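Taking it in order: structure first as structure tokens, then the write-up.
Nothing in this text is a laboratory measurement; each read-out follows from the coordinates by a stated rule. It should be emphasised that the depicted structure is a prediction, and the values quoted were computed from it without experimental measurement. Here Cβ is always computed from backbone atoms with ideal geometry, including for glycine, and neighbour counts include all displayed protein chains.
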Amino acid sequence: MESSQISRKQNRFTLAIVVGLVVGTLLGVWLHARYLTEDNARLNTIEQWQKEITRKIGEAKDAATRLHLEHQQQELAAQYKAAEMARDQKVEPLGLLGELFLRLIQMIIAPLVFTTVVVGVAKLGDSTAVGRIGGKTLVWFLSASCVSLVLGLILVNILQPGVPLQGHLPDPSGSPEIPKEPPSLKRFFYQLIPSSVVDAMAHNDTLAIVLFSVLFGIATAALRESGTILVQVCEAAAQVILKITGYIMRLAPVAVFGAMAAIIAKHGPGVLHTYIVFIVEFYGGLLLLWAILLVAGYCVIGTRVLALLRQIQEPIVLAFSTSSSEAAFPKTMEVLERFGCKASIVRFVLPIGYSFNLDGSMMYMTFATLFIAQAAGLELPLATQMSMLLVLMLTSKGVAGVPRASLVVIAATLTQFQIQGAGGLALLLGIDALLDMGRSGTNVLGNAVATAVISKWEGALDSPQEKSEPHRSSACAKPHGSPPP
């Protein structure tokens, strides 16, 4: 009876999110066509003027004419920015719904990760268990990362989505500014080891928080009885934070409604069609990645991987709708524990996955980077592409599962390989919100499968059916202790 009530609540919540998504999209279409018609028409007119001025600059014969045209170009850029701000202010209340929801989620990420990892590590009992489970976890995560990156590389080389856009790269000067941080081994380790854990928590640096939490949990476990008090405090704090999370999650349908309405109202339904071929090909790649992840999970946990897929549909829909895998983190943790994964395994593996196992984001990084290279007319040799893959493998670790986080890594990689960065990224900014939905949902699936697999390898995967229906046998799977594939 209790499980059926939980299931009905989950179905109602999922339905509410889907309704918010659909209604928000319809409202956005109406606002774009009726409420923001003049604003969008003005922006389109300024864009046409900018293209004409750019053409005249290229044809100018003398320096004085060119200087005059460049001055006009600067004035048009200022007019465009002012018109864009005026348009965005009209739908700001709608966009604010989604932004505030994500800020509420981000507010609890650091304390939630810290408390859950500490409890998970401490309850493992000893550093040997941490090393054993951590080793298996990293083997799976690195394998999944390689598969995701290589799959993106193969698909973009076969499909060649950027070739039709050669010669049409936007002017970098008119593109939104995106921060670029050159990738390096030194920067990776600086991100891994914070100079201040307080600063890491203030900026939600998940990778640094996880490292500190693991060390704290190991030290707490080493104290034995003395550390029991700390474990109990962290466990109680985690329960409080999860309770707060439950309150925040009730706002998810409203947040999804506002976010979708604002995006469609500003960019119009054309945002769903501008690069329709690219979108279809990318989502086709994600479906292929889903199939690979589920087959890999089936090899370890058997047919229960299908039950897992059914149970995590709510976190996947939430991540898809909000374009943030972080937003689904608390719900994913709850679902995995209900699925039968031991709590200590979930609280150890899942937070690490949010730094090391963003499968959807990593496939997008190779797909998008090579797409931009193709649009720029660059033919990158295989050796260069493999080097790019290794750079992305390094720089993708620790990327937060929040909207547009992948763009920072892509921009850095483009700079590293001297590919036109800002202009190329402008090709994707208009549809990035739609692409972010797919990769965020895939991140949730990848981490859920990984957690279930590690639980099975550790003999810590219980069957909910066995608790309620003892006469039924559990799904066949590999025996405990099977090596990683």
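Gyration tensor analysis over the Cα atoms of the range 14-103 returns equivalent ellipsoid semi-axes of 39, 13, 11 Å (largest first, whole Å). Structure shown: which of LYS123/LYS186; LYS136/LYS342; LYS186/LYS342 lie over 26 Å apart, alpha-carbon to alpha-carbon? Exceeds cut-off: LYS123/LYS186; LYS186/LYS342.
Order these by the 10 Å Cβ neighbour count, fewest first: MET85, MET362, MET333, MET386.
MET85, MET386, MET333, MET362
For the range 29-111, the list of trypsin sites (Lys or Arg not before Pro) that fall in a loop by DSSP and count at most 12 other C-beta atoms within 10 angstrom reads LYS61. The range 231-253 and the range 344-363 have their alpha-carbon centroids 20 Å apart. Taking other C-beta atoms within 10 Å as the exposure proxy, ILE158, ILE244, ILE209 rank ILE158, ILE244, ILE209 from fewest upward. For the range 199-320, what class follows from the C-alpha gyration tensor (a ≥ b ≥ c being the square roots of its eigenvalues): rounded when a/c is under 1.5, otherwise prolate if a/b is larger than b/c, else oblate? Cα axes put the range 199-320 in the prolate bin.
Exposure proxy ranking for ARG304, ARG347, ARG12, based on other Cβ atoms within 10 angstrom of each Cβ and starting from the fewest, stands as ARG12, ARG304, ARG347. Measuring against 18 Å, Cα to Cα, the residue pairs LYS331/LYS456; LYS243/LYS331; LYS56/LYS266 contain LYS331/LYS456; LYS56/LYS266 as the ones spanning a longer distance.
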